[in-house]
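To start, the structure under review is shown below, and the notes come after it.
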There are 4 protein chains.
Amino acid sequence: MHDKHPNKSWKAKLHRIIYEADTPNGRLFDVILLIAIIASIIFVMLESIKSFDARYHNFLDIAEWIITIVFTIEYILRIIAVKKPFKYIFSFYGIVDFLSTIPKYISLIFIGTQVFIALRALRLLRVFRILKLARYLGASNMLANSLKASRPKILVFLFAVFIVSIIFGTLMYLVEGEASGFTSIPVSVYWCIVTLTTVGFGDITPVTPFGQFIASFIMILGYGIIAVPTGIVSAEYVQQNKGRSTGVPTPPAVDLNTESCPNCSAERHKDHAKYCYNCGHSLSDYS
Amino acid sequence: MHDKHPNKSWKAKLHRIIYEADTPNGRLFDVILLIAIIASIIFVMLESIKSFDARYHNFLDIAEWIITIVFTIEYILRIIAVKKPFKYIFSFYGIVDFLSTIPKYISLIFIGTQVFIALRALRLLRVFRILKLARYLGASNMLANSLKASRPKILVFLFAVFIVSIIFGTLMYLVEGEASGFTSIPVSVYWCIVTLTTVGFGDITPVTPFGQFIASFIMILGYGIIAVPTGIVSAEYVQQNKGRSTGVPTPPAVDLNTESCPNCSAERHKDHAKYCYNCGHSLSDYS
Amino acid sequence: MHDKHPNKSWKAKLHRIIYEADTPNGRLFDVILLIAIIASIIFVMLESIKSFDARYHNFLDIAEWIITIVFTIEYILRIIAVKKPFKYIFSFYGIVDFLSTIPKYISLIFIGTQVFIALRALRLLRVFRILKLARYLGASNMLANSLKASRPKILVFLFAVFIVSIIFGTLMYLVEGEASGFTSIPVSVYWCIVTLTTVGFGDITPVTPFGQFIASFIMILGYGIIAVPTGIVSAEYVQQNKGRSTGVPTPPAVDLNTESCPNCSAERHKDHAKYCYNCGHSLSDYS
Amino acid sequence: MHDKHPNKSWKAKLHRIIYEADTPNGRLFDVILLIAIIASIIFVMLESIKSFDARYHNFLDIAEWIITIVFTIEYILRIIAVKKPFKYIFSFYGIVDFLSTIPKYISLIFIGTQVFIALRALRLLRVFRILKLARYLGASNMLANSLKASRPKILVFLFAVFIVSIIFGTLMYLVEGEASGFTSIPVSVYWCIVTLTTVGFGDITPVTPFGQFIASFIMILGYGIIAVPTGIVSAEYVQQNKGRSTGVPTPPAVDLNTESCPNCSAERHKDHAKYCYNCGHSLSDYS
């Protein structure tokens, strides 16, 4: 008991620095991490440009090592700081943090060998580091709530879009045929999605009068049904906005309370909350 | 009378399995059917890919026979289970179910002969099996109601889009002429719809300065008037959402009551309803 | 006075047939006119297809004469039927009706001579006959009101779109230059409108990294600001829908009262209205 | 004191002419300026068309000098007319007004030398004169307020779009590779933004089945999430429209009060306001 207290307070301090942003050290930790994330993404993108990679290969390699070490330290610190490390490790952010560190280590295995595809896939993995940014987006509760509330309706809508695409895609395959680029039903369905969503690449276009007529119909349909998800989400927002129309002061759109439960790491606590809304643990007791 | 009772209860059980999903057998029936539908669509799509069809032709042929037999059994069972078979046969789902079974049988007639176009059209027919899925979408009453309520306004809107397309299409035909690909008024109108709906394939594009000026105007018009159907549907949804703003618990967005009237097969009954809202028949009397 | 009465009632009857649709003759008149308008538009479109025109030139010529005569009779009858012919002649529909008749007559002047451009322009004029259909759209008061109410805001929005297009168009002209197809500022502004409205033809596309970066920004801007007109119109509709939320029976979305004032030809009277809302004239007094 | 009064009233008159539009002279000043702005933009655009510039180079040069002199006079008058010239000079409009005058003067320096790129950049600068028009747009308070109120949410949304684009762009780079035009991750991300925003140029398109499948997913995602900013802005407008639903007369959508504070030049005062809402200075005291 005697021994544990200093350790406890050390752990509590660490937890505060890593999971919260209301101390100078905590803010510094966040800023360093943000820079590392953004730099990492920029380097991954630059590395994919052949002419750039050829000239600055060594610089990119060293930078990648530094970033990997930063993320490794962050990952270890996060595991130490939380009370239930396994809960963190298998959480969404735990997996993202882990995946952010390993690519460079694994790449050591392939040194000498020339497994290009595996290396390319590893490079891809590094891009998922951008998901670390999601932690700082936390906010936007209202946005997430609106989307969550209208999700079943949007899914039904997207499913309907899919059925329409398959039927009209098959129809276009029959009408236009392979000469116009509608080489198979999957390709036709792809074209139909391109058209219905009003993207319209133009890599495949109908050339027969009847095909153009059906295409016109699909386009007007797509132009009209885009109103459906918009209407759903609009109504949901209007609904959520209701509370604000009754003189109640508007809550900040972006929630900046970065406090986090020392027990379960739940975030988005109310300001001045004393106990975790999720597990009931005291927010100030880092034991 | 003595003879009929066991038959009645047998029919009632069958009706329950086929038309409802609240018994284990009923759920199994639905799952088998869902797999058959989705597999069928995937096979139709794969068959259209020449390289795939060349290699796995026999497999696809056998799979199609199995699926056809499954749908045939389903069709016969549905006819037996309902009290008024003719009502089912000539209903939307009755026709879809029938069309789902025949293509393979008809294809037997063409064996030996080489009526390719007819065979392609038959292949097309099979894709309509996807409409069988609509039965499981049943839900989304609110979505359907909103669209139904705003339909006349959306039709007026689409009609206006059509008039605008014809006038500007003709104008572009006059201004750009055949050199730029505006070979006839129908093609010009097709281009105008492509542009107004913001699809923009790029297969035909204006090249003269005046043509580009008119095109810019059409695009900004299209960009502006997309607000109209969206506004209509949004307002309709806000309207339908009103009932929910008064503390009344929100009804589930997707209605999962799969009960169906043994007399008229009407669906979407209220939970615990005792009589069909459509024909007044007792929902538990399968006589 | 003795002489005038039969004439008066004859005129009243004619007015009823032409301007209203609540008598069998009136409905017949409307149906014939609708068929003539739609047939006329179809013939104009078919005439522009060279291969079709070459084969059926005589048929199209005769059909055009018949339609021209029908519209001429309609035009004369309308002038006779209204009390103030000049008001009709210089009204929107009066001009449309006049322009629907003259092209074929003027074409007689050019017989023998070969003024192709003039003839093409005349062909164009005939397409405006489609505006005659607007008379039957009459309805959609709510739609028109919403648009009218939000017009100033939409104009400000479109003007902002235009300023953005000019500035970014010039920027792209500087960045991409003529090599990528941005040959002049007007062309660049045209490209910018194509991109901002999410049409995206692809006839001109940025190829330099910086150009693609600016293009990405323009696209995300366009994707975001489409919300503005939609929001404006949605709010306007929600506003207009308010009256319907208070248990008041919903008025029909499409107003089918085709009664028309015998004095000033104003339309959209309330059902059972006795006096014109516009000029106060009795709706049943055709004197 | 004796000397200052006539000067004061002279300055007050000048202020009135330049900053307000409620006197004949003020209106004349505005009209001349509007013509100069629009003419200037048109000339810059025409100058970029090589064939036009070659033929009318001298005319464009003289026109540019006249416009530059008009804007120079305007700039000097504005400095004289306000009480705190430095505040004006470093304000948004002060900088725009300054940048509108200098390009032609600087171009004198480059005469003889052939610094084409600098000259092109100067030509670009002139286009920003269009921002002078923003002064006359002043209006649209409601539009600006709605956008301002929903800005944090829209930024979160745009940020999410950016994260999605980077992840899917990298995925497409891995799947499609350089053969299909996905030459690097930045190019892939550019393509992903083109697709997600439903622009769809078609300069780069997926060709592998799996690439087309991912592309379909991105398109449907883009088609669905366009609802989010629209919903946000719609809800904001509905909110702002609330005040209008309670019988209160609707304020004019475009605010035409062009009065401007003689002290701090703040605009958009209420009609009949006597004191500046910004600095409290009397609106009629030009001392």
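The values are calculated or read from the model by the stated rules, or taken from the named source; none is laboratory data. Remember, it's a predicted structure, so these values are computed and weren't measured experimentally. Heads up, the Cβs are rebuilt from the backbone with ideal geometry, glycines too, and the neighbour counts pull from every protein chain shown. The area values use the complete protein model at the heavy-atom level, side chains included, leaving out ligands, DNA and RNA. Shrake-Rupley method; radii C 1.70, N 1.55, O 1.52, S 1.80 Å.
Data for the structure
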{"quantity": "Per-selection Kirkwood Rh - region C:142-242 (Cα, Å, 1 d.p.)", "calculated": "14.7"}
{"quantity": "Using a 7 Å Cα-to-Cβ projection, B:Leu28 label spacings across copies, nm, ascending", "calculated": "6.8, 6.8, 9.6"}
{"quantity": "Inter-centroid distance (Cα atoms) of region B:160-192 relative to region D:165-179, Å", "calculated": "37"}
{"quantity": "Anisotropy class of region B:162-206 from Cα gyration tensor, a/c 1.5 cut", "calculated": "oblate"}
{"quantity": "Cα-based Kirkwood hydrodynamic radius, region C:10-139, one decimal, Å", "calculated": "15.8"}
{"quantity": "In Hz, Karplus ³J(HN,Hα) per residue of region C:189-201 (6.51, -1.76, 1.60; θ = phi - 60°; x = Gly, Pro)", "calculated": "5, 4, 4, 5, 5, 4, 7, 5, 7, 6, 6, x, 4"}
{"quantity": "26 Å Cα-Cα threshold exceeded, pairs from C:Lys13/C:Lys104; D:Lys13/D:Lys84; D:Lys87/D:Lys148; D:Lys84/D:Lys153", "calculated": "C:Lys13/C:Lys104; D:Lys84/D:Lys153"}
{"quantity": "Distant-in-sequence amide H partners of A:Ile49 (H built 1.01 Å from N, under 5 Å)", "calculated": "D:Ile185"}
{"quantity": "Long-range HN-HN contacts of B:Ser91 with modeled amide H, under 5 Å", "calculated": "none"}
{"quantity": "Area buried, chain C against chain B - accessible surface, total, 1.4 angstrom probe, square angstrom", "calculated": "4300"}
{"quantity": "Other-copy label distances relative to C:Phe213, 7 angstrom Cα-Cβ extension, nm", "calculated": "3.5, 3.5, 5.0"}
{"quantity": "Between region B:44-82 and region B:8-22, the alpha-carbon center distance in angstrom", "calculated": "26"}
{"quantity": "Positive-end residue, region D:10-139 charge dipole about Cα centroid, Cβ charges, pick of D:Ile67, D:Ile80, D:Ile109", "calculated": "D:Ile80"}
